[in-house]
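Before any comments, here is the structure.
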Amino acid sequence: KSFYNGLKAVEKYLPPKGAKVLDVGTAGGGFLEAARQFGYDAVGLEPSRFMVEQGKQRGLNIIAGTLDDDLFPPASFDMVCLWDVLEHLADPKAALYAVKKIIKADGVLLINYPDIGTWIATIAGKRFWWILSVHLAHFTTQSIAKICDLTGFEVFHYQPYWQTLEFGYLEDMAIILKVPFSNMLKRLTPAFLQQLPIPYYASQTTVLAHVKKIERD
């Protein structure tokens, strides 16, 4: 639901239905399901063979590997997506160079990332929930634009990313983050309310980019 709503939020900037889309770091294929519902011909790329098999059991088109494996011919995709992936990579610039090889000249690059430059991140400070050991880099809108520029892309749109999760799951996250009174709230919440889907904003940004016109020419 979060992925589908994320696509709907930027629909006017995206390729039309039927477009060939690659989701890098697709995990179990949640985005692939949303993209298929959206009308795209979507394929996932995932390094975890366990996750690949889990997705295939649900009928999803997932290939085991990474961008480093050079598995696709040039200009294979109308859109390439990196949902919460770039911050995990040791060399994000190399990943974007690899994407540029396989995206069409008029294609769209979609990057969703935890934005450390938002007012929420500023208020949270050292307690910002996206400061994690598995996040090797942190980005703002300015640094995302810079790394895109360095790798031959030009950013043309930013969009706050809203997720949808069950209220009980959000309560669990609040407990882990040691939010005051979260344990008490969890105990008092009826089961039916814990299953209620809640849209929320957690300082993530979706950015869209094109290959630079000079590079297309």
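The values are calculated or read from the model by the stated rules, or taken from the named source; none is laboratory data. Owing to the predicted nature of the structure, the values given are computational and were not obtained by experimental measurement. Counting neighbours? That spans all protein chains shown, and the Cβs are built from the backbone with ideal geometry, glycine included. When the accessible area is computed, the model is the full protein with side chains, heavy atoms only, and any ligands, DNA or RNA have been set aside. Shrake-Rupley method; radii C 1.70, N 1.55, O 1.52, S 1.80 Å.
Here is how the numbers come out for the structure above:
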| quantity | calculated |
| --- | --- |
| Contact order relative to length of the chain, as percent, for alpha carbon pairs under 8 angstrom and 6 or more apart | 20 |
| Exposure ranking of VAL179, VAL43 by accessible area [1.4 Å probe, largest first] | VAL179, VAL43 |
| Positive dipole terminus of the chain, leading residue within THR122, ALA94, LEU60 (C-beta point charges) | THR122 |
| Assigned charges on the beta-carbon of Lys, Arg, Asp, Glu; the chain dipole about Cα centre (debye) | 400 |
| The chain: projected area of the alpha-carbon convex hull, averaged over directions, in nm² | 12.8 |
| At R0 = 30 Å, FRET efficiency that the Cβ-Cβ distance of LYS93 and LEU188 yields, to 0.05 | 0.05 |
| For the range 1-114: rounded, prolate or oblate by the Cα gyration tensor [a/c cutoff 1.5] | rounded |
| Within a Gaussian network of the chain (alpha carbon springs, distance under 10 Å), most fluctuating of ILE176, ILE116, ILE62 | ILE176 |
| Förster radius 22 Å - calculated FRET efficiency between SER48 and MET173 (Cβ-Cβ, nearest 0.05) | 0.45 |
| Surface share of carbon and sulfur [accessible, 1.4 angstrom probe, percent] for the chain | 59 |
| Solvent accessible area, Å² - SER133, 1.4 Å probe, full protein context | 110 |
| Longest DSSP-loop-exposure-free segment, chymotrypsin sites (Phe, Trp or Tyr not before Pro), the chain, at most 15 other Cβ within 10 Å | 1-128 |
| Farthest positive-ward along the chain dipole, Cα basis, beta-carbon charges - from ALA9, HIS138, LEU150 | ALA9 |
